[in-house]
Structures are given as structure tokens and as C-alpha cells.
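Visitor: Structure provided below as C-alpha cells; questions to follow.
The values are calculated or read from the model by the stated rules, or taken from the named source; none is laboratory data. Quick caveat: nothing in here was measured; it's all calculated off a predicted structure. A quick note on method: Cβ atoms are made from the backbone with ideal geometry, for glycine too, and the neighbour counts reach across all protein chains shown. The accessibility values were calculated without ligands, DNA or RNA, using every heavy atom of the protein model including side chains. Shrake-Rupley method; radii C 1.70, N 1.55, O 1.52, S 1.80 Å.
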Amino acid sequence: MAKVPGTKGLNLDESLIFERSRKGRTGFSLPVEDQDLREISTSHVPAPLERKDGLDFLPSVSEVDVVRHFTRLSSWNYGVDSGMYPLGSCTMKYNPKISEAAARRPGFANLHPLAPESLSQGALQLMYELQQFLAEIGGFAAVTLQPAAGAHGELTGIKMVRAFHLDVHGRPRKKVIIPDTAHGTNPASSALNGYEVVEISSGDDGVLHAEQVREAMDEEVAALMLTNPNTLGLFEEHIAEIAGIVHEKGGLLYCDGANMNALLGKARPGDMGVDVLQFNLHKTFSTPHGGGGPGSGPVGVGKVLEPYLPVPVVTHKGDRYHLDNDRPKSVGKMRSFFGNFGVMVRAYTYLLEMGPAGLTRAAELAVLNANYVKSRLEKYYHLPYKKICMHECVLSDKMQKANGVKTIDIAKRLIDLGFHPPTIYFPLVVDGAMMIEPTETESLESLESFVSAMKQIAKEAKTDPGIVKSAPHNTRLSRLDETLAARNPVLTWSKHD
Amino acid sequence: MRYLPHTTQDISIMLHELGFEGIEDLFAGIPHSLMLQRDLHLPGPMSEPELNRHLENLEKANPAASCISFLGAGAYSHAVPAAVDAIVSRSEFSTAYTPYQPEVSQGTLQSIFEFQTVTAGLLGMDVANASMYDGASAAAEAVLMAKRVRRNITRIVLSAGLLPEVGRTIETYVSALDLEIIEAPLSGEGILDLGALSAALDKDTALVVQTPNFLGCIEDMRSLAGLAGEKNAFFISFTAEPYSLAVLEPPGSFGVDVATAEGQAFGNPVSFGGPYLGLFATSKKYVRRMPGRLVGLTRDGAGKQGFVLTLATREQHIRRARATSNICSNEGLCALASLVHLCCLGPEGLARAARISRANAEYLKAGIAEIPGFSIPYKASTFNEFVVETPVPANDLVQESTRHGILPGVPLNRLKNGNENRLLICTSELHTRQDLDNLIRVLKQRGA
Ligand SMILES: Cc1ncc(COP(=O)(O)O)c(C=O)c1O
């Protein structure tokens, strides 16, 4: 068996930064105040509006304190740079360092969004080209880069759908159809747009069938929202027929593009009848997830939805790039300025380094890796859908449950063995789901090491279930009590706690 | 390809395991008619040196980035200690995701807990979440929350002093709800007209106010709070320039229901508009109605202190269509940058930076007011941003000043259609006395 990396590491304890605070200690280096300026300044503050608490919630610490504190905290984290992070649906692939350097270039980082367009042509060109690249990859007529994350892209996309119906049919329609395998953001984004969510079930083979859609489809349906490949890692093979059914009743087809990593250069949603899709640049285009963000969720649309894109859109005329705000049918604005530009720079850099053949290769190897892991583990873990998967595979704890070992235990035990756990208990249609997305940046050795860890756990579940159920054992903290946290929430620190 | 570790031999071993001849076989699940029959039309691949050259060329086409800048209007430059980037560059932070598995995410979780503490403190509120996409979307989510908390709300009153982009974002977010949106006008002083506002408010309204407003003017929050209280309106504040919180009483002390802000100025570069982060804080009684992630204190099996994501039953992955918000990924790393930045500054540093920013604005204001043809149209007090009436279109001034390497401000009509002879000028502790004098000198050349 291949070696697993998990051991007990060196773990330093660290209190809250506030507990390091000592009056008189400072961590800043700022110009000394000019006394005459200070006088002009203070004489103008309306006294009743002046802050009086001395900002005493901020710690007084030296730079050494700050750097040690956060360096210690960082050592309690597991990132993609620590090892394999097969968190399904999140595409935790390696994040290139050149992209980090690119976003930090002063010509990008120090560029103010309201600087004259004529002096920001480089940034506008980058955005324009990224719009074009994404349109080509997805098979769309136009792209907005404005949304800050996938869910924000969904909200934007469904808003455009709503604007389209209002404009073309004189009313927004009432419902959005969503399959039971969908991510929670899909129903939430639809509901925020005032739509009633109609959930339909996928077939026994894990994909959506035309009959189901035909039954649910009527002229009150604004859109069908599906994810392709879906969250079981399966390609929605009836998508073209489904698109036909939806379009026939005047509805639109929304595709959640969180799983585009499987399709790069192989197939394009726009060619399958999809009218609108959000890309997740932090997944497919390798920008770091940042412990929760920032992401970027550009939306691609077909011709019918182009008039409704949020403003501004970057356009190109002659040798000039321009921010076009003059779009009377636009849904409006989803946030300030133009989107998460720093994330766009990273994705653009990645796209150029990979090139078309490299991107296609990435999709192929992502799919190869997922199928390999599935194949190596299906003897040890229940595999609910026995067919070729795309970029991820879903297993369950059915075989381990007999010994009282559940998905959560398997996940925690994986931590001991040196891996980040997969996504667990999602999708909801599989009881005790473990959704494994290795991504293309994992080598055969790394997959084998993960397989060894999973096999060891399957064995332990039979021979020593206690060690799995009480995992993790190697971390600084053992399993944390989530019920306690929710019962009496303590969400901020105060001196008296 | 350096990010793809597979050797030809690895691939054949793997295909053999799967019983396939070639990788194409793995795509058999996609109907042939849906497969792309050509290569993508994209540039690349580029080697690292080629790519760096290309990026350098794009960078050079952004000369605005190296000007001395007096631009603000929702994006602010301040002095950021190098320690901030050193910490956020640690890939243990940057390459992790949402801390779903707390035992391998305590670094992220504890830092979010500290961020929530600092954010709540700054805004003078009980609780804050782990960040929203940006200030504008945070304000919009506050309006959605108002409607959840008080079903009777039928009207949203937006201060005319809100950054136009923020108002527009709110309008877009609520477009599917049946809500009337009205704008409360400003007086000639540059702050909200209390009489007009009073007429617009009642118990069925939510009020959104920005202070300092987008003209830079400090609103009379005490009177506004009095009005909102008297009319029992749901009161939401928005802060565009969070350094102002160092010198002004926080929104919490005026009894707002939700305080929102753009947090970019704390440790995040202006970066052509993003990524930034929205600050969102409210009072304890609304905790379960809040959007966004929350981190709470707990204990592990051995009783040791630790942190977890909590109150998740509000969120989309549990509550789906009935979630308080659809937000999933937020702006985690930007929030970390803000936290590290604020820890470095501490109470003294933040206050000093804020005072210098303000003093620089006052110095400029006085200097510019003396130039024939220029004047200061609004009399209300300001923090670090103020409007100047210019003798020629502000846009012309911008074009001319850039020839001297100065971006003198944002023409107001770039933000909102209207008077083209108005320029919004913003200062910070980054400006030296010489920068200020240079701006005055350049403007003087255009004086009447
Ligand atoms: C299938 C799917 N859709 C949508 C989302 C939401 O994306 P984001 O977190 O960027 O908002 C996710 C993210 O986890 C996802 O996995």
C-alpha cells in the first residue's frame, strides 16, 4: 500500500489576538502628525458625532505579535498546498503562483476603478478578453464578469431570466424547476428572485429524464435550472431534449456551471441549448478559495439574454476598450464597480498559460482521476451509481454503517491520515454521501495514497470501529461540539468571557 | 504542463485499471452530437517569461495606477503594512476553502471569529458576520433582511447621499419584491433634508443612510436616529469609507438595526474594483435572521476552546429556498487582510491615519477655496472627501492633471448625471504636504 502522510505534527497553541494586547504596544508605522493640520482637522468635527470609545476593541500589539499570531493560526489549516483536498463540487485544484504574482502587480492592484478609461486600457483589455475567452469556452454570445461568486452569478442569471420574461411575455412567470440533486444555492437564488421552486427528482440512473421535465413544464415556468455535470458527477445526457421541452413552453434553461472543469474543450453548454450559465473562476480557473472567498462568478448568456446583462459591459471599438453603461434593458447592478478584478487577473493568467490544448487536457485528467479513484474504491465503499463519472464520484457509508461507522467518522479519520475530507452528506439524494473530486492536479502517487487511506479506514471500520468513530486523533483539537456552539452562540470576544 | 503531473506511463496504468483504451472512452457519457468537434479558439499556451511580458504590457497600459491619486468614491487607498500581504499570501490560508471541517480549519475559523469581533466593535453592534461580497451587496442584503424581519415593510427610503452604485445595487436586488423605492433628497448643505425625510418615513418603511455620504458630508446621525425611532422605521446604515469610523461615533450608538460598510480600505488594494468585502453587523435579536456565515466559540471533546461555523440552519445548504440568503462563498481572504491590517494599526494607528486623512482634506479644502473660480459648494462637515465646484468641466481638469501625474478626483457626473463642474476629492495619510500643494498648484493653473 502507498504511504499516507498523516502524523502528529508540531502544534503551537495560540490565544486570541485580543489576549496578546498590551497598552503601549504598537504595530504601525505612520507619518507623524503635522500639528497645524491636526488643529484644522479637529476644530471641524461636530462634537456630538465624535467617537469616544478609544477604539478599545482593537488590540495593541507589535508587528511581531501579529505575524506570530497569524502564522501559528495558519499552521492549524489544511490547504491545497498542504495536500490533496478532494472536496467535491469545489474543484480544489492547485493554484498557480504566477497568478498570485500577476494580481499583485502594481499596475493592477493600485488601479482605481474610477480612473479615466483612457488610462486603464490594460485592465479593460484584460476584462474584455476574459469575457471573450469564457464565451468561447461555454459557447455563449456574451459574458458579464460582475458577480462575485457562483451564487451571485446564479442570482444575476435568474434576474436576467426574470427581466426577459417581463420584457417578452409581459410578466415574470412564477416558477423555477430544480432537480433534487441541485446545490442549495440554486433554490435560494430562485427564491430571492421571487420564484416558487418546483423540485423534481432525477431518475434511478442519477440523471434527469425528459418525461419528468415534460410533466412539470408549463407556461408559468420561467426556467429550469440544472447542473451539468450534475452533483453526482454524472453528465446530464438528455440535456438537449430537455432544453427543447423547456424552450417549447417559452422557458429558459439555466445551467449551474460549478462543474465546468469536466467539460473544458470537450463540450459547451451553449451548444446544448443552455441559455445562461455561471462560471466559478475560483473552481474551474484555479483561483485560490481564500478560506471561503473571494470567488468570481461570471455569467455567460445566449443572444436572447444579452440585452439584460448587468452594467457595465466591457466593449471594444477601434483600438479602444470602453465601459458600456448605456444598456436600457439591463437588470442593473449586482454590486459596486465591475466585479472581482483581482480574481479575473488570476483566471486570465491561468487560461493563457494553459492554452486551449492544456485546458482540454485538464478536463480529461480530472475525469481520469475521478474514475480511477472510483474504480479503486468501489470494492470497499458503496457506489450508488455504477457508471462512468465525470470530474467527481459519489460514494456512501452504506457498507460501514453496519459497524456503526458513518460518513462523518470516515471524514474525520481521513484527517488523521493526512487528507482533507471530501464533501459529505451532499448531494442529498445519496444517504451518507461522500463526494470525491480529486482534480487533475493530483498525481497517480497522490491518488494511490488517498486510496490507501480510504482502504485503511474501511478495514478499521470492521476491525476497530472505535478508532474511526473517535477520530481525529492527530489534530490539535478533537471533534468540536457544534450543538454547543449553536445553543448559546458566542460570536464575538469580550474581556469578560 | 507543470500543473498536470501525469506521465504517459501513469495514464496507461490508470486506463488499464479502468479497462479503457483511451481517455476519450471516459467521455462516452456525453452524446456525440454534443461534443465539441474542434479545438477551442483561445490564445496560449504561454511560458512563464512570455506570460510575464504580456502582463507587463497590460500593466503599462494602466498609467493611472502610478499617478498620485485623489480618487475615492467607494474605493480608498491607505497605508497598508507589508505584514498584511505576508500573512494573506500564506497558502495555508489562501488555498483552503470554507471551514466545513473545523479540525483542519481552526486557523481560518479563529481568524473569522476575531474578524467578527473587530467588525462588531467598529460598527458598534452586537454581532457581525464573516463578510459579504462588497459594501453595496451588504447594504442590499440588509434591505432584504429588513423585509424578512418586518413583513409589513412596503417602502424603501434611500438617502440621495448613498453612492449611486449602492442605491442601484439595492434596487436591483429587490426588483422581484413588491417594494416601492423612494429617494430622500439632500438639502443645500449637502446632508439629508430632515423635513422631506420625515414625510417619507413611517412604520412600513426601511431607511438606508450613508455617512459620510457620497459628497463626503457627515450626516446628522443623531437627528436621523431620532426621526427613524419616532416613526418606527427600520434603520440601516452604510459606510463607504470605514476609516471614518475611527473618528465618528459608530452607527450602533445611533440605534441602527443593521450597520453595513465597504471594508476594502482596511488592508485591501483598490484593484480596479475588487475583490472587496462587505461588513454586515446587527443586534443580537436579529442573529437568526442574518445572511452569511457565522463562526462561534465552542469546545472539543477534551474541553479545549475551538471554533466552528454555526447557526447554519439559516443558510442555503440546509434551508435551500427558505434560506436567509443564497450566499455561499464570501470574501474570506479579504476579511483576513482587514483583520491583520487592523491588528497592525491598533487603536492608535487607526485613529492617527484617520486624523491625518481628515486633516489633509481640510488643508486642501482651504487651499482650493482660495483659488479664484473654485469654491466649496456644501457647508456640512466632511471627513476625508469633499466636493469642489470647478470653473471648467471637472473632466477637463482630470485630463489636464493626469499630464502632471495627478488624478485630482472623481468628476461627480461620472457617478451620477448632473452638474459637470463638480469634482470629488479624497485624501489619506498617504499624501504628503507636497502632494497636496502640487494639486493646489495644478488646479490654480485653471483658476479664473
Ligand atoms: C454545484 C454548485 N453550485 C453553486 C455553488 C455556489 O458557488 P459559490 O460558493 O461560488 O457561490 C457551488 C459551490 O460550492 C456548487 O458546488
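Visitor: Take the Cα atoms of the range A:97-353, build their convex hull, and give its volume per residue in Å³. Walk me through the intermediate numbers first.
Guide: Working: hull volume 31.5 nm³, N = 257.
In the range A:97-353, the Cα hull volume divided by residue count equals 122 Å³.
Visitor: Something else: Please report the antiparallel percentage of DSSP beta bridges with both residues in the protein assembly as shown, rounded to the nearest 5.
Guide: 55 percent
Visitor: Quick one: in chain B, what % of C-alpha pairs are over 43 Å apart?
Guide: 24 percent
Visitor: How big, in percent, is the set of alpha carbon pairs in chain A lying more than 30 Å apart?
Guide: 56 percent
Visitor: Separate question: Quick check: the angle from helix B:8-18's long axis to the longest principal axis of chain B, C-alpha only, nearest 10 degrees?
Guide: Roughly 70 degrees, rounded to the nearest 10.
Visitor: For the protein assembly as shown, take the alpha-carbon Rg, divide it by the Kirkwood Rh, and send me Rg/Rh.
Guide: Ratio value, two decimals: 0.96.
Visitor: Moving to a separate point now. Assuming 1.002 mPa s and 20 °C, estimate D for the range A:241-352 with Stokes-Einstein, Rh taken as the Kirkwood radius over Cα pairs, in µm²/s.
Guide: Calculated translational D: 136 µm²/s.
Visitor: Which value results when the Cα radius of gyration for the range A:148-239 is divided by 2.2 N^0.38 Å? Intermediate values should be presented prior to the final figure.
Guide: Numbers: Rg = 13.1 Å, N = 92, 2.2 N^0.38 = 12.3 Å.
Compared with the compact-globule rule of thumb, the range A:148-239 sits at 1.07.
Visitor: Then there is this: For an R0 of 25 angstrom, estimate the FRET efficiency from the Cβ-Cβ distance between B:LYS416 and A:SER29 and round to the nearest 0.05.
Guide: Details: r = 38 Å, r/R0 = 1.52.
The calculated FRET efficiency here is 0.10.
Visitor: Further question: Students often get this wrong, so check it: of A:LYS249/A:LYS303; B:LYS379/B:LYS416; A:LYS495/B:LYS203; A:LYS455/B:LYS304; A:LYS3/A:LYS406, which have C-alpha atoms separated by over 26 Å?
Guide: A:LYS495/B:LYS203; A:LYS455/B:LYS304, as the Cα separations exceed 26 Å there.
Visitor: Further question: Provide the solvent-accessible area of B:ARG2, counting protein heavy atoms only and rolling a 1.4 Å probe, rounded to the nearest 10 Å².
Guide: The accessible area comes out at roughly 130 Å².
Visitor: At a 1.4 Å probe, which residues in the range A:280-294 are at least 50 Å² less accessible with all protein chains present than in their chain isolated?
Guide: In the range A:280-294, residues shielded by partner chains: A:GLY290, A:GLY291, A:GLY292, A:PRO294.
Visitor: Taking every eigenvalue of the Cα gyration tensor of the range B:409-448, multiplying by 5 and rooting it, what semi-axes result, largest first, whole Å?
Guide: After scaling each eigenvalue by five and taking roots: 22, 15, 4 Å.
Visitor: Can you give the FRET efficiency to the nearest 0.05 for B:ARG38 and A:GLU220, using r as the Cβ-Cβ distance and R₀ = 45 Å?
Guide: Working: r = 39 Å, r/R0 = 0.87.
Efficiency, rounded to the nearest 0.05: 0.70.
Visitor: Any chance you could run the full-extension gain for B:ILE318 through B:LEU194? It's 0.36 nm times the residue separation minus the Cα-Cα distance, nm to one decimal.
Guide: Details: separation 124, 0.36 × 124 = 44.64 nm, distance 4.32 nm.
Full extension from B:ILE318 to B:LEU194 adds 40.3 nm.
Visitor: Below 15 angstrom from the Cβ of B:LEU34, what's the summed charge of the other residues (Lys, Arg +1; Asp, Glu -1)?
Guide: Summing Lys/Arg as +1 and Asp/Glu as -1 gives -2.
Visitor: Spelling out what I want: for every residue of the range B:67-75, take phi, set θ = phi - 60°, compute 6.51 cos²θ - 1.76 cosθ + 1.60 (Karplus), and round to whole Hz; glycine and proline get x.
Guide: 7, 6, 10, 10, 8, x, 6, x, 9
Visitor: Using a 1.4 angstrom probe, figure out how much accessible area the protein assembly as shown has per residue, in square angstrom, rounded to the nearest whole.
Guide: 33 Å²
Visitor: Give me the accessible area of A:THR483, 1.4 Å probe, in Å² rounded to the nearest 10.
Guide: Rounded to the nearest 10, the figure is 90 Å².
Visitor: Please pull out the direction-averaged projected area of the range B:228-301, using the convex hull of its alpha-carbon atoms, in nm² to one decimal place.
Guide: 7.5 nm²
Visitor: Based on DSSP, what percent of beta bridges with both residues in chain B are antiparallel, to the nearest 5?
Guide: DSSP beta bridges in chain B are roughly 55 percent antiparallel.
Visitor: Distance from a point 7 Å along Cα→Cβ of A:ASP271 to each backbone N in the range A:339-380: keep the residues under 20 Å and list them by number.
Guide: A:355-368
Visitor: Residue by residue through the range A:225-231, which ³J(HN,Hα) values in whole Hz follow from phi under the Karplus form 6.51 cos²θ - 1.76 cosθ + 1.60 (θ = phi - 60°), with glycine and proline marked x?
Guide: With the stated coefficients, the range A:225-231 comes to 10, 10, 10, 9, x, 7, 6 Hz.
Visitor: To the nearest 10 Å², what's B:ARG352's accessible area with a 1.4 Å probe?
Guide: For B:ARG352, the solvent-accessible surface is approximately 50 Å².
Visitor: Using +1 at the Cβ of each Lys and Arg and -1 at the Cβ of each Asp and Glu in the range A:14-76, identify which of A:PHE70, A:PRO59, A:LEU30 lies farthest towards the dipole's positive end.
Guide: Farthest along the dipole direction, towards plus: A:PHE70.
Visitor: Let me ask something else about it. Working out 0.36 nm times the residue gap between B:ARG288 and B:ARG151, then minus their Cα-Cα distance, what length gain in nm do you get to one decimal?
Guide: Working: separation 137, 0.36 × 137 = 49.32 nm, distance 1.58 nm.
Result for the pair: 47.7 nm of gain on full extension.
Visitor: Using a 1.4 angstrom probe on heavy atoms only, work out the carbon and sulfur share of the accessible area of the protein assembly as shown in %.
Guide: Of all accessible area on the protein assembly as shown, carbon and sulfur atoms account for 50 percent.
Visitor: Another question about this same structure. Quick one: what are the phi-derived ³J(HN,Hα) couplings along the range A:252-257, Karplus 6.51/-1.76/1.60 with θ = phi - 60°, whole Hz, x for glycine and proline?
Guide: 10, 9, 9, 10, 6, x
Visitor: Pull out the extension gain between A:LYS303 and A:ASP180, defined as 0.36 nm times the separation in residues minus the alpha carbon to alpha carbon distance; nm, one decimal. Write down the numbers at each step before the final one.
Guide: Details: separation 123, 0.36 × 123 = 44.28 nm, distance 2.90 nm.
Taking A:LYS303 through A:ASP180 to full extension adds about 41.4 nm, to one decimal.
Visitor: OK, next. Under a Cβ-Cβ cut-off of 13 Å, what is the net charge of the residues other than B:LEU294 that fall near it, where Lys and Arg count +1 and Asp and Glu count -1? Please report the intermediate quantities before stating the final value.
Guide: On the way: positive: B:LYS284, B:ARG288, B:ARG289, B:ARG293, B:ARG314; negative: A:GLU482, B:ASP126, B:GLU315.
Combined, the nearby Lys, Arg, Asp and Glu give +2.
Visitor: To continue, here is another question. In the P(r) worked out for the range B:267-377, what percent of Cα pairs fall beyond 17 Å?
Guide: Pairs farther apart than 17 Å: 73 percent.
Visitor: Could you check the spin-label model distance between B:VAL392 and B:ASP204? Points 7 Å from the Cα along Cα→Cβ, value in nm.
Guide: About 5.3 nm separates the two model spin labels.
Visitor: A further question on this structure: If contacts are Cα pairs under 8 angstrom and at least 6 residues apart, what is the relative contact order of the range B:82-341 in percent?
Guide: The value is 27 percent.
Visitor: Follow-up. Take B:GLU180 and B:SER89, extend 7 Å from each Cα along the Cα→Cβ direction, and tell me the distance between the two endpoints in nm.
Guide: 5.6 nm
Visitor: Here is a further query. Rg(Cα) of the range B:290-448 divided by 2.2 N^0.38 Å?
Guide: 1.54
Visitor: Using the 2.2 N^0.38 Å rule of thumb for compact globular proteins, work out how the range A:14-76 stacks up: its C-alpha Rg over that value, please.
Guide: Taking N as the residue count of the range A:14-76, the ratio is 1.54.
Visitor: Still on this model: Taking 1 over the mean of 1/r across every pair of different Cα atoms in the range A:218-271, what Kirkwood radius in Å do you get?
Guide: Hydrodynamic radius (Kirkwood, Cα only) of the range A:218-271 equals 11.7 Å.
Visitor: Still on this structure, I have one more. When the label point is put 7 Å from the Cα of A:SER470 along its Cα-to-beta-carbon vector, which residues of the range A:1-26 have a backbone N closer than 18 Å?
Guide: A:8
Visitor: Between the range B:216-248 and the range B:344-375, what's the alpha-carbon centroid distance in Å?
Guide: Cα centroid to Cα centroid, the span is 21 Å.
Visitor: So who's got an amide H within less than 5 Å of the one on B:ILE181, skipping anything under 5 residues away but keeping other chains? H placed 1.01 Å off N, in plane.
Guide: Sorted by chain and number, the residues that satisfy this are B:ILE156.
Visitor: Can you give the angle from 0 to 90° between the axis of helix B:433-444 and the longest principal axis of chain B, with both taken from C-alpha atoms, to the nearest 10?
Guide: With both axes taken from Cα atoms, the answer is about 60 degrees.
Visitor: Would you please give the FRET efficiency between A:ALA210 and B:GLU21, computed as 1/(1 + (r/R0)^6) with r the Cβ-Cβ distance and R0 = 35 Å, to the nearest 0.05?
Guide: Efficiency for this residue pair is about 0.65.
Visitor: Specify the inter-centroid distance of the range A:382-445 and the range B:395-435, based on alpha-carbon positions, in whole Å.
Guide: 56 Å
Visitor: Would you kindly calculate the mean projected area, averaged across all directions, of the convex hull enclosing the Cα atoms of the range B:82-341, in square nanometres?
Guide: Result: 14.2 nm².
Visitor: For the range A:361-487, take the convex hull of the Cα atoms, compute a quarter of its surface area, and give me that in nm², please.
Guide: Spelled out: convex hull of the Cα atoms, projected over all directions, averaged, 8.5 nm².
Visitor: Counting DSSP beta bridges in chain A, what percent are antiparallel, to the nearest 5?
Guide: 55 percent
Visitor: Using DSSP H assignments, which helices in chain A have an axial alpha-carbon span of 24 Å or above and a mean Kyte-Doolittle hydropathy of -0.5 or higher?
Guide: On the way: long enough: A:121-138 (25 Å, 0.27); A:150-169 (28 Å, 0.09); A:341-377 (40 Å, 0.45); A:444-463 (28 Å, -0.12).
Sorted by number, the helices that extend far enough and score high enough are A:121-138, A:150-169, A:341-377, A:444-463.
Visitor: Provide the buried accessible surface between chains B and A in square angstrom, both chains summed, 1.4 Å probe, rounded to the nearest 100.
Guide: Values: alone 22970 and 24420 Å², together 30800 Å².
In total, this chain pair buries about 16600 Å².
Visitor: Here's a follow-up. Sticking with the crude label model, points 7 Å out along Cα→Cβ, report the distance from A:ASP431 to B:LEU4 in nm, one decimal please.
Guide: 4.1 nm
Visitor: Which angle from 0 to 90°, rounded to the nearest 10, does the C-alpha axis of helix B:48-60 make with the longest principal axis of chain B?
Guide: That helix lies at roughly 20 degrees to the long axis.
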